[in-house]
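A short worksheet on the structure shown next.
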Amino acid sequence: MTRAALAIHGGAGTILRSQMTPDLEREYRNGLEASLIAGWNVLDRGGSSIDAVEAAVTSLEDFPLFNAGRGAVFTHDGRQEMDACIMDGSKLRAGSVAAVEHVKNPIKLARLVMQKTQHVLLAGDGAIEFARQQGVPFENDEYFFTEHRWLQLQHARAEGVVELDHTPEELELLEESEIEATPADQHFVFPNDKPLGTVGAVASDINGHLAAATSTGGMTNKKFGRVGDTPLVGLGTYADEICAVSGTGHGEFFMLGVTAYDVSARMKYKGLDLIDAARETIEHLTSIRGEGGVIAVDSHGNVALPFNSQGMYRGYIKDGRPVTEIYR
């Protein structure tokens, strides 16, 4: 009998227990748990895996600790350009968007691309025009502004670099901020930690149908219309009848390694189970000097969450019991 299961991630990188305050860890875990519950509520009532991953990622996009939706990083020009992808493995259909601005929940727009168009990927102005036609909610600049992201951009500009969220300099920048986090206004600043990137979810429903979803704000100070692995099917996001995968880490290496599809390929062509296939995929990512991790689920409800960085914000839920993890 197939078992419903859901796994999520909120970024991978240098995450050390020694740099984490109890209050901050509680905030991270609360955000992860809220996402798990949002997705599980769909699965528990017999809903589809595609609805579950959309619900889980929407929750993460609305939570400003992570680099997606409300917490997206700034581009060189001081804007947010967001990418997202969603894939229905049972139908082998996908929708994605790249370089969209002011869209509150890019993952919802990605699903509309899958459902309402004959395309897989819409980018830039075309994706934004499609969003307006579909009545997707937009938000202004103030909604997306977070102090620690702004300081991160100023540092990247001064150094002339493009940064992932998990650079060593991030800690120093967060310590400079004087804004305090309060649940009422949701303006989070993290003086002892480095908030990290891409968010994602994978799920198997009671019918064994699989789905994956991933959303990100990309890289701080990015220029020239950079698009990473997240909206590209098979690279940062993939689902078929065998497994569903979402990745997080240095996107360029996920692109070179075709990382999300690699898990499925190892199961199909080598006959590996989910755990071994996901582990081998991360070993290959390491061999090409990539950093990050994946979350994966198969049609039996098995879950894998391997990574090669010092930590990964992650969680899973089966039988209604959420589990969240951060450190190695």
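For residues that are buried (at least 24 other Cβ atoms within 10 Å of the Cβ), free of Cβ contacts under 8 Å to residues at least 60 places away in the same chain and over 25 Å from C243 (Cα atoms), tally how many sit in the stretch 71-104.
2
Can you find a residue in the stretch 305-313 that is farther than 21 Å from V53 by Cα, of a type in the set (G, A, S) and in contact with a Phe, Trp or Tyr (Cβ under 8 Å, 6 or more places away or on another chain)?
Within the stretch 305-313, the first condition is being farther than 21 Å from V53 by Cα, and the residues that meet it are 308-311.
Then drop every residue that is not of a type in the set (G, A, S), which leaves 309, 311.
After this cut, where a residue has to be in contact with a Phe, Trp or Tyr (Cβ under 8 Å, 6 or more places away or on another chain) as well, the list is 311.
Yes, the stretch 305-313 has at least one match.
Is the stretch 238-261 home to any residue that is modelled with pLDDT of 95 or more, over 16 Å from D83 (Cα atoms) and in contact with a Pro (Cβ under 7 Å, 6 or more places away or on another chain)?
no
Name every residue in the stretch 220-259 that is surrounded by fewer than 24 Cβ atoms within 10 Å (Cβ to Cβ), of a type in the set (V, I, T) and either free of Cβ contacts under 8 Å to residues at least 60 places away in the same chain or in a loop (DSSP other than H, G, I, E, B) (or both), in order of residue number.
V227, I242, V258
Being of a type in the set (K, R) and within 16 Å of S59 (Cβ to Cβ) is the filter; apply it to the stretch 69-107 and report the residue that is farthest from the chain's Cα centre (by Cα).
Residues of the stretch 69-107 that are of a type in the set (K, R), as a first pass: 70, 79, 91, 93, 104.
This time we only want the ones that are within 16 Å of S59 (Cβ to Cβ), so: 70, 104.
Working: R70: 13, K104: 15 Å.
Within the stretch 69-107, the match that is farthest from the chain's Cα centre (by Cα) is K104.
Can you name the number of the only condition in (1) part of a helix (DSSP H, G or I); (2) surrounded by fewer than 24 Cβ atoms within 10 Å (Cβ to Cβ) that A56 fails?
(2)
Filter the stretch 14-44 for residues that are more than 12 Å from R314 (Cβ to Cβ) and outside any helix (DSSP H, G or I); which is modelled with the lowest pLDDT?
So, considering only residues that are more than 12 Å from R314 (Cβ to Cβ) and outside any helix (DSSP H, G or I), the one modelled with the lowest pLDDT is T14.
Across the stretch 76-124, what is the number of residues that are of a type outside the set (D, E, K, R) and in a helix (DSSP H, G or I)? Spell out the reasoning first.
From the stretch 76-124, those of a type outside the set (D, E, K, R) are 76, 78, 80, 82, 84-87, 89-90, 92, 94-100, 102-103, 105-107, 109-110, 112-115, 117-124; that's our starting set.
Narrowing the set further to residues that are in a helix (DSSP H, G or I) leaves 106-107, 109-110, 112-115, 124.
Final tally of qualifying residues: 9.
Within the stretch 280-297, count every residue that is buried (at least 17 other Cβ atoms within 10 Å of the Cβ) and not acidic (D, E).
The qualifying residues number 10.
I'd like to check something: does the stretch 45-66 contain any residue that is touching a Lys or Arg at 6+ places or on another chain (Cβ under 8 Å), within 22 Å of L109 (Cβ to Cβ) and at pLDDT below 95? Quick ask: steps written out before the conclusion?
Step one: list which residues in the stretch 45-66 are touching a Lys or Arg at 6+ places or on another chain (Cβ under 8 Å), which gives 50, 54, 58, 61-64.
Okay, now just the ones that are also within 22 Å of L109 (Cβ to Cβ), so 50, 54, 58, 61-64.
Imposing the further condition that a residue be at pLDDT below 95 reduces the set to 63-64.
The answer is yes, given that some residue of the stretch 45-66 is touching a Lys or Arg at 6+ places or on another chain (Cβ under 8 Å), within 22 Å of L109 (Cβ to Cβ) and at pLDDT below 95.
The values are calculated or read from the model by the stated rules, or taken from the named source; none is laboratory data. Keep in mind that what you see is a predicted model, and the values were worked out from it rather than measured. All Cβ positions, even for glycine, are placed from backbone atoms using ideal geometry, and neighbour counts span all protein chains on display.
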